[in-house]
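The values are calculated or read from the model by the stated rules, or taken from the named source; none is laboratory data. Because the structure is a prediction, the values reported are computed rather than measured. Reconstructed Cβ throughout: ideal geometry from the backbone, glycine too, with neighbour counts over all protein chains shown. Please note that ligands, DNA and RNA were not included when accessible areas were found on the heavy atoms of the full protein model with its side chains. Shrake-Rupley method; radii C 1.70, N 1.55, O 1.52, S 1.80 Å.
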Amino acid sequence: MTSIQQREQLQSQIWKIANEVRGAVDGWDFKQFVLGTLFYRFISENFAAFMEGGDDGIVYADLHDSVITEGIIEDAIKTKGYFIYPRQLFSNVARTAANNPSLNTDLKKIFNDIESSAIGYPSEKDIRGLFADFDTTSTRLGNTVEDKNNRLVAVIKGVEGLDFGNFEDNKIDLFGDAYEFLIHKYAANAGKSGGEFFTPQCVSKLIARLAVHGQSSINKIYDPAAGSGSLLLQAKKQFDEHVIQEGFFGQEINHTTYNLARMNMFLHNINYDKFDIALGDTLTNPQFGNDKPFDAIVSNPPYSVNWIGSDNPTLINDDRFAPAGVLAPKSKADFAFVLHALNYLSGRGKAVIVCFPGIFYRGGAEQKIRKYLVDNDFVETIIALAPNLFYGTSIAVNILVLSKSKDEFKSKCKTQFIDASGSDLFKKETNNNILEDEHIERIIRIFDAKEDVENVCKIVDNRLIAENEYNLSVSSYVEIKEKCQQINIKELNERIRKIVARENELKIEIDKIIADLENDEL
């Protein structure tokens, strides 16, 4: 079975579970139970494989809990970050689930035990609260214990039957695909913006490629609006693990999505000591500010959201915002995220940020921030993508590439504008457009070359941008290809003459038919 076939089969099975089993539960809420069960199965199988150590003679799930010593537990937690007893494994719970009248409370205890196992160890903050949104005693599952258990059994059995293949071959992004697929399905029915929660994998791939372009290794990678972690994980998929030396970092304000991001790290075999996802508001309570700057930053922050801005007079003195001399508007925090990323960026790195197009041409504070970025030569490239790439919105977003150390011979005091919205740089689909590998490769080649390409790319001197009132809209610099077809006037006139002649013939025939009918009536 190919990876595409496996993905399609998996999505079909997951949707069947998520849609049919949930009953009266709102789909947007029920996704947590499906994804939580997927996660529970994964860490169970992953932990069992670790405990077996490749010895075919050991089946961890068959062992009795009593044979597990304190030394074994301690060693396992130091390595994996958590501990699961054999009887607590997903496979053993699934085997007896249908006949277990206390299934919901047993699961709650198992999840509490897994989280508690990390207390006092370095992994504690990475494990704490992982199952908080998988509340097996919630009334969302049913009003009675029997109702809750019946629904839990259906989900567990459904997930038990999924063919994951080998987790470690990483040919398909199982959890990422499941998450993206479910969010897309639920968002269509719940009136929610899917783009708020994740970045489509094709766009994530482009962003990851841009962020580490030209670097053989980076110290670490960071996403200030991490969502479910898809952008960070695309960096892992694109490059050998040794390229990202110190790991994956991010911050997320939404508690549920924060838990999903941490789950996603574990599901991609990123150990607790190689990631640090923080919970909180990046703009008003930033984490990692005292750490070394990041060689790669990727982000798809929320578009034009409200923030405290000038209502907090201390923010203008914040190291992130002070150099620009002005704060992003209170009703549009976009440039606050941009300035935050710039502040966290190392001298050799790149920050690649998905942006709402309006921030590149609006006046006021946003124009002043653009002036600061251009005058200091921090803007390397702006890419206009095709519309309808993101679930939940048809907006044609832009990608902003920031750099503190431009190549002196290619782009010093210049800015690159790329129009990637042409039909040859994306594939049109019924629901959402996509970027295929060939499109991504071409955009990367154009980005790397830093040369003018007619109707696609323009290298503009920053002095000209200043004269244009610091307008950074791609359409202001890249001439749109004329889409009107050239017309041969003589051929057009001849076609019109023939059409008119034919119309006259038809009119004569119709008049004759009407006259004959009138004569018959007489």
- prompt: Counting only residues that are in a helix (DSSP H, G or I) and surrounded by fewer than 18 Cβ atoms within 10 Å (Cβ to Cβ), how many does region 326-342 have?
  reply: 0
message: Just to be sure I understand, how many residues within region 264-278 are crowded, with 20+ Cβ neighbours inside 10 Å and modelled with pLDDT of 90 or more?
response: 4
task: Looking at (1) farther than 28 Å from Gly309 by Cα; (2) surrounded by fewer than 17 Cβ atoms within 10 Å (Cβ to Cβ), find the lone condition where Lys414 falls short.
output: (2)
query: Among the residues of region 69-84, is there at least one that is polar (S, T, N, Q) and closer than 25 Å to Gly161 by Cβ?
result: no
message: Just to be sure before I move on: is Ile110 out of contact with any helix residue (DSSP H, G or I) (no Cβ under 8 Å at 6 or more places or on another chain), open to solvent by less than 20 Å² (accessible area, probe 1.4 Å) and assigned to a helix (DSSP H, G or I) in the structure I sent?
response: no
query: So which of Asn432, Asn398, Asn388, Asn376 ends up being under 19 Å from the mean Cα position of the chain (by Cα) and within 21 Å of Lys350 (Cα to Cα)?
result: Asn398
- line: Ala466 fails exactly one of (1) open to solvent by 70 Å² or more (accessible area, probe 1.4 Å); (2) part of a helix (DSSP H, G or I), namely (1)
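Condition check ((1) part of a loop (DSSP other than H, G, I, E, B); (2) free of Cβ contacts under 8 Å to residues at least 60 places away in the same chain; (3) under 13 Å from Leu206 (Cβ atoms)) across all residues:
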position	(1), (2), (3)
Lys371	no, no, no
Asp377	yes, no, no
Pro387	yes, yes, no
Ile395	yes, no, no
Ser405	yes, yes, no
Asp424	no, yes, no
Asn432	yes, no, no
Val460	no, yes, no
- prompt: So how many residues does region 94-133 have that are of a type in the set (A, V, I, L, M), more than 27 Å from Gly161 (Cβ to Cβ) and over 26 Å from the mean Cα position of the chain (by Cα)?
  reply: 2
message: Cβ-Cβ distance below 7 Å, separation of 6 or more or different chains: which pairs start in region 99-126 with a residue that is closer than 20 Å to Met263 by Cβ and end on one that is of a type in the set (Asp, Glu) and surrounded by 15 or more Cβ atoms within 10 Å (Cβ to Cβ)?
response: Ala118/Glu124
task: Tell me which of these Lys350 doesn't satisfy, since it passes every other one: (1) in contact (Cβ under 8 Å) with a residue 60 or more places away in the chain; (2) surrounded by fewer than 24 Cβ atoms within 10 Å (Cβ to Cβ).
output: (2)
task: Count, please, the residues in region 60-97 that happen to be part of a helix (DSSP H, G or I) and either aromatic (Phe, Trp, Tyr) or open to solvent by less than 70 Å² (accessible area, probe 1.4 Å) (or both).
output: 19
- request: Return the residue satisfying two criteria in turn: it lies in region 485-515 and is open to solvent by less than 100 Å² (accessible area, probe 1.4 Å) and either in contact with an Asp or Glu (Cβ under 7 Å, 6 or more places away or on another chain) or at pLDDT below 70 (or both), and of such residues it is nearest to Phe417 (Cα to Cα).
  value: Asn488
statement: Of the conditions (1) at pLDDT 95 or above; (2) open to solvent by 10 Å² or more (accessible area, probe 1.4 Å); (3) in contact with a Leu (Cβ under 8 Å, 6 or more places away or on another chain); (4) farther than 27 Å from Lys406 by Cα, the single one that Tyr258 does not satisfy is (1)
- prompt: Can you name the number of the only condition in (1) closer than 20 Å to Asp295 by Cβ; (2) out of contact with any Ser or Thr (no Cβ under 9 Å at 6 or more places or on another chain); (3) open to solvent by 40 Å² or more (accessible area, probe 1.4 Å) that Thr430 fails?
  reply: (1)
statement: Residue pairs qualifying under the 6 Å Cβ cut-off, at least six apart or on distinct chains, with the first in region 307-324 being over 21 Å from Leu345 (Cβ atoms) and the second being open to solvent by 80 Å² or more (accessible area, probe 1.4 Å), are Gly309/Lys330
task: Would you please name the residue that is modelled with the lowest pLDDT, looking only at residues in region 220-253 that are of a type in the set (Val, Ile, Thr) and open to solvent by 10 Å² or more (accessible area, probe 1.4 Å)?
output: Val243
message: Go through region 433-450 and report how many residues are out of contact with any helix residue (DSSP H, G or I) (no Cβ under 8 Å at 6 or more places or on another chain), open to solvent by less than 30 Å² (accessible area, probe 1.4 Å) and over 18 Å from Val212 (Cβ atoms).
response: 1
